[in-house]
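The values are calculated or read from the model by the stated rules, or taken from the named source; none is laboratory data. What you see is a predicted model, and the numbers here were worked out from it, not measured in a lab. Backbone-built Cβ (ideal geometry, glycine too); neighbour counts: all protein chains shown.
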Amino acid sequence: MPVTPVSATQKVTLLSHTPEPERAVAAAGRLCYSSSTAAELRERMTDAEVERLIDILVGSGHHSALEHASFTFGIDGISRACSHQLVRHRLASYSQQSQRYVRFDGEGGFIVPPKIAADPEAAAVFEQAMDAARQAYERLVELGGERGLEKETVQEDARFVLPNAAETRIVMTMNARELRHFIRIRSCRRAQWEINALAWRVRYLLLRTAPLLFQKSGPDCLFGKCQEGKRMFCGKVYKPEEVEEIEAEWAGDQ
Ligand SMILES: Cc1cc2nc3c(=O)[nH]c(=O)nc-3n(C[C@H](O)[C@H](O)[C@H](O)COP(=O)(O)OP(=O)(O)OC[C@H]3O[C@@H](n4cnc5c(N)ncnc54)[C@H](O)[C@@H]3O)c2cc1C
């Protein structure tokens, strides 16, 4: 049974984004205080003006202008548990691989939590459960076929026995404002490990594409405060060196 840890399965690709996203945001922000048109501003603003304006927008909390830049990611090799958490972020668009139209076959794997993978006894229990789920799924598909039912009907019912660990793919489009929010709360250590890894990967790609827009993005503790309050504070503030290590680990994947 292919059970693979997150570092090996999770793949995040920045597929496309608003052309010149930082200029688009800066022109929109500048329009609020100018008699010129957005098209003129977009054409005319120097790089230094774009930089200065984005610094002001990000720093002052005038974040609605950030909504004019969108980014589309292909996200592969995550669990349904993770994708379910992801789609709770409502200010985004998603297209997810269907379990109704796409058969969960031998190619499709299960995402194994690293702590379970590292514990032989727990890993054995996990593997047994995944095997049982896969066998039940395959038998239900087989039975549906024997009964002459349509493939989609059979698959849409058989998928009920698949676990949260079932691997999935999803395309996500988010604007820069929502991305900053997503990264802020999901790169926090209190977020679940898989979506936490996803948030750091998304941040990694964005910082290399639009560094001004995503300056100071990350968990609050990286910038000296914790969003969780005293009671929920995890006690492990992210240090810049740790962030560098995380990034170095993923740099090879891109
Ligand atoms: C550590 C952690 C633990 C969690 N545990 C649970 C849990 O146990 N159970 C659970 O159900 N969920 C849980 N969640 C998910 C969480 O409750 C949110 O659903 C998820 O993080 C999406 O973020 P968001 O609510 O900020 O909304 P987003 O959809 O990302 O929206 C962004 C922002 O837009 C605004 N907004 C969006 N929609 C509305 C609206 N309808 N009305 C007003 N303002 C709006 C809000 O300011 C919001 O913060 C958890 C999340 C984290 C990070």
Quiz item: Can we say MET130 is touching a strand residue (DSSP E or B) at 6+ places or on another chain (Cβ under 7 Å) and within 16 Å of the ligand (Cβ to nearest atom)?
Solution: no
Quiz item: Can you find a residue in the stretch 183-199 that is aromatic (Phe, Trp, Tyr), surrounded by 13 or more Cβ atoms within 10 Å (Cβ to Cβ) and more than 23 Å from ALA117 (Cβ to Cβ)?
Solution: no
Quiz item: Do we have ALA117 as in contact with a Phe, Trp or Tyr (Cβ under 6 Å, 6 or more places away or on another chain) and under 30 Å from GLN227 (Cβ atoms) here?
Solution: no
Exercise. Return yes when ALA81 is surrounded by 16 or more Cβ atoms within 10 Å (Cβ to Cβ), of a type in the set (Gly, Ala, Ser), in the same structural domain as GLN215 (by TED's automatic domain parsing) and within 16 Å of the ligand (Cβ to nearest atom) and no when it is not.
Key: yes
Exercise. Looking only at the stretch 117-131, decide whether some residue is in the same structural domain as THR18 (by TED's automatic domain parsing), assigned to a helix (DSSP H, G or I) and not aromatic (Phe, Trp, Tyr).
Key: no
Self-check item: Residue pairs meeting the criteria (Cβ under 7 Å; at least 6 apart or on separate chains; first in the same structural domain as ASN175 (by TED's automatic domain parsing) and without any contact (Cβ under 8 Å) to a residue 24 or more places away in the chain, in the stretch 85-105; second surrounded by 16 or more Cβ atoms within 10 Å (Cβ to Cβ) and in a loop (DSSP other than H, G, I, E, B))
Solution: none
Quiz item: Quick one: in the stretch 87-98, which of the residues that are within 9 Å of the ligand (Cβ to nearest atom) and in contact with a Lys or Arg (Cβ under 9 Å, 6 or more places away or on another chain) is farthest from LEU162 (Cα to Cα)?
Solution: LEU91
